[in-house]
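One structure below.
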Amino acid sequence: MQFEKPAAAASRRAPTFQANPAADARQLLGALLPRRPALRHVLQAHARLAVLGLATARALPYLLAALPRLPPGGAEACYSYPLSLFCHSSAASAFASNHLLRALPHPLPLRLFPRLPRRNPHSFTFLLASLSNHLLDADHAVGSSSASRFLGSHVHALAVKAGAAGDLYVRNALVHFYGVCGNVEAMRRVFDELPLVRDVVTWNAVLAGYVRVGMMANARELFDGMTVRDEVSWSTVIGGYVKEGEPEVALRMFRNMVMQGLRANEASIVTAMSGAAQLGLLEQGKFVHEVVRRAKMTVSVNVGAALVDMYSKCGSIAAAREVFDAMPRRDVFAWNSMICGLASHGLGNDAVELFEKFVTEGFSPTSITFVGVLNACSRTGLVDEGRWYFRLMSEKYGIDSEMEHYGCMVDLLSRAGLVQEAIDLIEGMHIVPDPVLWGTILSACKRHGLVDLGITVGNKLIELEPAHDGHYVLLASIYATAKKWDEVRKVRKLMSSRGTSKSAGWSMMEARGTVHKFLVGDMDHKESVQIYNMLGIIDRRLAEAGYVPNVSSVLHDIGDEEKIHAIKVHSERLAIAYGFIVVEAGSPIRIVKNLSVCGDCHEFSKMVTKVFSREIIVRDGSRFHHMKDGKCSCHDYW
DNA sequence: ATAGGGTTAG
């Protein structure tokens with residue numbers, strides 16, 4: 001065995017440590033620190049440098065540069081560390097100053113800025129970023145944000161005075177800042193200022209500014225005019241369409257991007273996935289998942305959570321669970337998606353079980369976790385559990401009850417017939433109750449035959465929201481159960497003179513790679529003739545099996561014959577009939593609706609699943625109906 | 001140095 005000479009070994013291990021300690025420290029830090037270091041990583045690295053004798057005054061700025069943005073109002077120790085790094089740095093360089101500005105929480109950078117021994121044009125970038133980040137973090141802390149807006153324009157003025165405003169990075173930071181403020185005019189002014197010093201980041205910042213305030217037409221025009229677009233440009237616009245409730249456009253752009261051979265990054269994957277979830281169409285969601293698979297991307301926590309949400313909102317709760325169980329690491333978002341998903345599919349017991357596991361694994365629930373859990377209890381009729389979790393939320397976790405939580409509780413209680421307890425809850429709320437809560441009470445009155453209370457609540461609601469058709473419909477049907485026909489007529493008349501807010505119902509399904517959308521009595525579809533023939537066949541078989549249309553839910557002032565005719569061509573039935581034509585036997589027929597299923601369509605669909613041994617999965621305005629063998633996962637309550 | 005992202009009752 002041969003031995004190296006000690007000197008040679010040493011020089012190979014640390015060839016340049018003697019030559020340039022600062023450069024070595026920098027190199028070592030690069031190897032030591034993860035890509036996005038946390039405070040403790042930097043502290044550990046500092047310790048390593050100290051042990052090696054490399055924690056010199058010249059090396060400290062690099063530690064400063066590696067620090068993450070520290071949280072506002074955090075422990076003072078958090079920011080005394082960056083300050084001491086700065087003070088012990090030998091060169092009071094602009095580099096060290098700038099990274100100090102970056103590490104410290106708002107408003108310290110603003111206070112320190114005038115006193116920094118060295119500044120350069122870059123310093124404005126750091127300062128503006130600090131302001132922008134603060135605005136983004138605390139978008140509801142209105143008081144401090146208006147101050148930040150003012151301070152931002154002040155920094156802008158300082159930059160102009162210092163001759164730094166023409167710097168590309170400073171300009172980009174300014175565009176971003178004004179975008180974050182929602183000050184589109186100022187943003188645009190900086191963007192258009194001569195000389196036109198711009199790069200793709202400038203364009204993307206303006207794009208994001210338009211998206212942030214919902215000016216999608218401007219965003220799109222800008223995007224279309226861009227000569228250089230990168231991944232960020234695409235994901236910004238795709239995310240904008242998702243945010244604006246136009247998932248079809250978002251997904252079309254995502255496909256377009258992929259078809260052009262451009263790389264889908266994590267942001268565009270996550271936003272497109274959320275678009276597919278919003279749309280509810282499984283094939284669209286699977287396409288996005290397929291892009292992840294083909295790119296051989298590792299399923300990160302973010303992508304995993306988005307997948308879970310997409311699969312549950314597209315009606316495949318089993319696929320959602322599969323993805324969730326396979327995730328090596330999960331964050332609160334992933335858990336929340338899974339819990340809420342189980343709840344919306346009527347799997348309340350699974351949701352509650354998962355919540356308990358979540359807590360056992362040491363996670364802290366958020367307000368959204370409780371929306372999921374309470375919703376699960378409500379959908380499954382777990383009254384005691386619901387009361388228990390509602391108390392747990394504030395008493396153990398200190399989470400304030402929000403409208404959504406009250407909504408779940410009112411639904412839970414009134415559904416179980418505990419209408420008075422639900423009313424007491426509403427009346428004891430510390431926030432102004434949403435009229436929808438009273439709407440829940442009203443439908444419970446209908447369900448439980450509480451005529452007098454129903455009449456009081458119904459009239460109150462009509463007074464509160466005269467354009468809301470649903471209130472008239474419910475009130476009239478309550479009068480109808482009490483056989484007060486004169487009152488029924490009055491309410492109907494009132495509705496036709498005032499009510500307007502009823503949106504047209506539609507049903508969607510996808511087949512053969514296309515999306516088909518049906519309206520009531522729709523004749524626009526290319527295969528309309530076949531669809532109506534199929535509907536006729538289904539109707540006859542169902543009639544043989546004893547199905548009788550129930551028109552009590554139709555409140556139009558028309559005869560029974562017409563009502564039956566109207567019900568027979570509800571969009572959902574057209575979609576089901578089309579499903580029989582195009583969906584492969586053995587596969588479920590998947591339908592997405594904008595409104596709630598009407599009572600008779602629900603009965604009809606259930607019966608179809610029994611008579612034809614066909615599975616139907618309907619996503620309506622607020623839940624899923626898995627229908628099979630004549631039974632529905634919603635337990636006939638929606 | 002600067003731009004983009006997910007979960008929420010009826």
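Could we say that A:Glu361 is over 30 Å from A:Gly454 (Cβ atoms) and either away from DNA strand B (no atom under 15 Å from the Cβ) or charged (D, E, K, R) (or both) here? The answer is yes for A:Glu361. Name the residue that is farthest from DNA strand B (Cβ to nearest atom), counting only residues in the range A:177-194 that are within 21 Å of A:Ser130 (Cα to Cα) and outside any helix (DSSP H, G or I). Of everything passing the filter in the range A:177-194, A:Asn183 is farthest from DNA strand B (Cβ to nearest atom). Using the structure shown, decide if A:Leu262 is among the aliphatic types (A, V, I, L, M), assigned to a loop (DSSP other than H, G, I, E, B) and either touching a residue at least 12 places away in the same chain (Cβ under 8 Å) or in contact with a His (Cβ under 7 Å, 6 or more places away or on another chain) (or both). Yes: the conditions hold for A:Leu262. In the range A:266-283, the residues that are outside any helix (DSSP H, G or I) form Cβ pairs under 6 Å with partners that are near DNA strand B (Cβ under 9 Å from one of its atoms), at six or more places apart or across chains, as follows: A:Gly280/A:Lys313. Screening A:Thr236, A:Thr202 for residues that are near DNA strand B (Cβ under 8 Å from one of its atoms), closer than 28 Å to A:Leu307 by Cβ, among the β-branched types (Val, Ile, Thr) and in contact with a helix residue (DSSP H, G or I) (Cβ under 7 Å, 6 or more places away or on another chain) leaves exactly one candidate, A:Thr236. The residues of the range A:210-252 that are in contact (Cβ under 8 Å) with a residue 12 or more places away in the chain and part of a loop (DSSP other than H, G, I, E, B), listed by number, are A:Val213, A:Gly214, A:Met215, A:Met226, A:Val228, A:Arg229, A:Asp230, A:Glu244, A:Gly245, A:Glu246. Of the residues making up the range A:448-486, those that are free of Cβ contacts under 8 Å to residues at least 24 places away in the same chain, in a helix (DSSP H, G or I) and of a type in the set (D, E, K, R) are A:Asp452, A:Lys460, A:Glu463, A:Asp486. Looking at A:Arg252, A:Arg229, A:Arg321, A:Arg263, just one residue is open to solvent by 40 Å² or more (accessible area, probe 1.4 Å), away from DNA strand B (no atom under 12 Å from the Cβ) and under 22 Å from A:Asn204 (Cα atoms), and that residue is A:Arg252. Of the residues making up the range A:437-449, one or more are more than 27 Å from A:Lys610 (Cβ to Cβ), open to solvent by 30 Å² or more (accessible area, probe 1.4 Å) and away from DNA strand B (no atom under 15 Å from the Cβ). Taken together, A:His106, A:His122, A:His99 contain a single residue that is assigned to a loop (DSSP other than H, G, I, E, B) and within 15 Å of DNA strand B (Cβ to nearest atom), which is A:His106. Checking each residue in the range A:154-166 for being crowded, with 19+ Cβ neighbours inside 10 Å and closer than 17 Å to A:Val197 by Cα picks out A:His156, A:Ala159, A:Ala164, A:Ala165. Assessment of the range A:579-600 against the conditions (part of a helix (DSSP H, G or I), out of contact with any strand residue (DSSP E or B) (no Cβ under 8 Å at 6 or more places or on another chain), crowded, with 19+ Cβ neighbours inside 10 Å and modelled with pLDDT of 95 or more) yields no matching residue.
The values are calculated or read from the model by the stated rules, or taken from the named source; none is laboratory data. Everything numeric in this text was worked out from a predicted model, so none of it was measured. Glycine also receives a Cβ, built like all others from the backbone with ideal geometry; neighbour counts cover every protein chain displayed. Heads up: the accessible areas ignore ligands, DNA and RNA and are worked out on the full protein's heavy atoms, side chains in. Shrake-Rupley method; radii C 1.70, N 1.55, O 1.52, S 1.80 Å.
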